[in-house]
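All remarks here apply to the structure that follows.
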Amino acid sequence: MPERFLGIDTSNYRTSAAVYDAASGGWRNEGGLLSVPAGAIGLRQSDALFQHTVRLHEKIEALPQGEVRAIGVSTRPRAVEGSYMPCFLAGESVARSAAHLLSVPLFAVSHQQGHIAAAALSAGRLDLLDAPLLAWHLSGGTSELLYVTPGADGLPDCACIGGTTDLAAGQLIDRAGTLLGLDFPAGAALDRLALAAEAVRGYRPKVADCRFSLSGMQNQVEKQHETLGDAQLARFTLETVANAVVRATEQAKQRYDCPVLCAGGVMASGVIRARMQQAFGDAVHFAAPVLSGDNAVGAAVLAARLYERNKQ
């Protein structure tokens with residue numbers, strides 16, 4: 001018998017709704033990017049909130065109908081004090097109303113926790129959530145290396161132990177994409193270009209205590225743009241990010257002997273995934289590309305886990 005759970009996520013650039021069947025492990029996600037004006041590299045929160053409000057019902061209506069046991073919704077970027085973005089209000093409002101009308105439990109999670117759960121599911125390793133692990137949340141707005149443990153509340157407890165100290169990896173990638181005339185967000189298109197180029201070394205940012213700066217890398221990318229072709233510049237950009245990520249992971253692995261889980265839209269890059277696989281082999285696990293970017297599957301998975309936990 002199906003054990004269906006509804007997930008909702010209204011992050012800064014994608015509206016998502018999903019159903020997850022805890023009995024079979026099957027899932028379906030309906031998501032769509034928000035509209036960003038040509039040439040722009042972002043949206044104001046008010047514009048994002050408006051677009052989510054207009055579009056969320058379409059994503060929910062595209063899901064297969066059926067009874068749900070509970071609803072999980074992303075209500076903030078991270079599970080830390082002061083973490084807040086108005087765009088999540090669109091999803092929270094709908095989720096609270098639906099839970100009330102359906103008389104089912106509502107579970108609030110963070111966007112970051114959802115990323116980790118979706119990555120574990122698509123890697124076929126939900127068991128990773130039951131023990132300590134290292135996790136990368138590498139996306140347009142976040143580049144954090146996390147030490148994740150099972151929290152007392154049943155959710156992943158994420159402590160940031162490394163990552164960028166300034167510019168996020170996704171921001172560097174989008175700015176390189178702008179130089180090349182790519183649409184925002186530029187990650188997927190930049191990766192396709194990079195995979196068509198021969199391997200290049202990229203710049204090697206200084207990494208200390210698992211932390212690194214990418215702000216100076218924008219200057220390096222702009223400088224290389226003067227001499228490299230489009231595909232080579234794309235490869236240079238992604239290899240530079242990979243250099244920092246691999247080195248930070250090596251440093252973290254010296255402190256924590258546990259598996260590594262890779263989540264976030266930037267981790268969908270074939271260039272970065274190949275470098276991580278080469279460096280860490282079977283110790284590293286990846287979200288499937290379809291669940292690397294923003295989605296609501298993780299919120300639904302966490303709702304299922306919390307629902308089962310509360311039954312015991």
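Anything in the range 35-76 that is under 30 Å from Ile161 (Cα atoms), at pLDDT 95 or above and of a type outside the set (Gly, Ala, Ser)? List them, or say none.
If the condition is that a residue be under 30 Å from Ile161 (Cα atoms), at pLDDT 95 or above and of a type outside the set (Gly, Ala, Ser), then Val73, Thr75, Arg76 are the ones that fit.
Those residues that are in a helix (DSSP H, G or I), within 20 Å of Ser110 (Cα to Cα) and in contact with a helix residue (DSSP H, G or I) (Cβ under 7 Å, 6 or more places away or on another chain), I need them from the range 283-312; list them, please. Full working, then the answer.
Within the range 283-312, the subset in a helix (DSSP H, G or I) is 283, 289-291, 297-311.
Next cut, within 20 Å of Ser110 (Cα to Cα) only: 290-291, 297-310.
The answer is Leu291, Val297, Gly298, Ala299, Val301, Leu302.
When Phe280 is evaluated against the numbered criteria (1) among the hydrophobic types (A, V, I, L, M, F, W, C); (2) in a helix (DSSP H, G or I); (3) within 20 Å of the chain's Cα centre (by Cα), which criterion, by number, is the only one it fails?
Here Phe280 meets the rest and fails (3).
Of all residues in the range 36-59, which are surrounded by 19 or more Cβ atoms within 10 Å (Cβ to Cβ) and over 19 Å from Pro185 (Cβ atoms)?
Result: Leu56, single match.
Restricting to the range 181-199, and then to whatever is hydrophobic (A, V, I, L, M, F, W, C), buried (at least 17 other Cβ atoms within 10 Å of the Cβ) and outside any helix (DSSP H, G or I), can you tell me which residue is modelled with the lowest pLDDT?
Phe184
Quick grid of which residues meet (1) hydroxyl-bearing (Ser, Thr, Tyr); (2) at pLDDT 95 or above; (3) in the same structural domain as Gly82 (by TED's automatic domain parsing); (4) within 29 Å of Met217 (Cβ to Cβ):
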{"position": "Ala99", "(1), (2), (3), (4)": "no, yes, yes, no"}
{"position": "Leu128", "(1), (2), (3), (4)": "no, yes, no, no"}
{"position": "Ala135", "(1), (2), (3), (4)": "no, yes, no, yes"}
{"position": "Gly140", "(1), (2), (3), (4)": "no, no, no, yes"}
{"position": "Thr149", "(1), (2), (3), (4)": "yes, yes, no, no"}
{"position": "Leu155", "(1), (2), (3), (4)": "no, yes, no, no"}
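State whether one or more residues within the range 208-228 are free of Cβ contacts under 8 Å to residues at least 24 places away in the same chain, among the β-branched types (Val, Ile, Thr) and either surrounded by fewer than 17 Cβ atoms within 10 Å (Cβ to Cβ) or closer than 30 Å to Phe107 by Cα (or both).
The answer is yes, given that some residue of the range 208-228 is free of Cβ contacts under 8 Å to residues at least 24 places away in the same chain, among the β-branched types (Val, Ile, Thr) and either surrounded by fewer than 17 Cβ atoms within 10 Å (Cβ to Cβ) or closer than 30 Å to Phe107 by Cα (or both).
Could you check the range 238-274 and list, in sequence order, the residues that are of a type in the set (A, V, I, L, M, F, W, C) and more than 20 Å from Gly216 (Cβ to Cβ)? Write out each step before concluding.
In the first step, residues of the range 238-274 are kept if they are of a type in the set (A, V, I, L, M, F, W, C); the result is 238, 241-242, 244-246, 248, 252, 258, 260-263, 266-268, 271-272, 274.
Result: Ala252, Cys258, Val260, Leu261, Cys262, Ala263, Met267, Ala268, Val271, Ala274.
Look through the range 5-35, keep the residues that are touching a helix residue (DSSP H, G or I) at 6+ places or on another chain (Cβ under 7 Å), assigned to a loop (DSSP other than H, G, I, E, B) and polar (S, T, N, Q), and return whichever of them is surrounded by the most Cβ atoms within 10 Å (Cβ to Cβ).
Ser11
Any residue that is in contact with a strand residue (DSSP E or B) (Cβ under 6 Å, 6 or more places away or on another chain) and in the same structural domain as Gly177 (by TED's automatic domain parsing) - is there at least one of those in the range 220-243?
no
Across the range 252-277, which residue is surrounded by the fewest Cβ atoms within 10 Å (Cβ to Cβ) among those that are more than 22 Å from Leu129 (Cα to Cα) and in contact (Cβ under 8 Å) with a residue 12 or more places away in the chain?
To start, the set of residues in the range 252-277 that are more than 22 Å from Leu129 (Cα to Cα) comprises 269-272, 274-275.
With in contact (Cβ under 8 Å) with a residue 12 or more places away in the chain added as a condition, the list becomes 269-272, 275.
Working: Ser269: 28, Gly270: 13, Val271: 21, Ile272: 25, Arg275: 20.
Looking at residues that are more than 22 Å from Leu129 (Cα to Cα) and in contact (Cβ under 8 Å) with a residue 12 or more places away in the chain, I get Gly270.
The values are calculated or read from the model by the stated rules, or taken from the named source; none is laboratory data. Note that the structure is predicted; figures quoted are calculated from it, not measured. Note: ideal-geometry Cβ built from the backbone for every residue, glycine included; neighbour counts use all protein chains shown.
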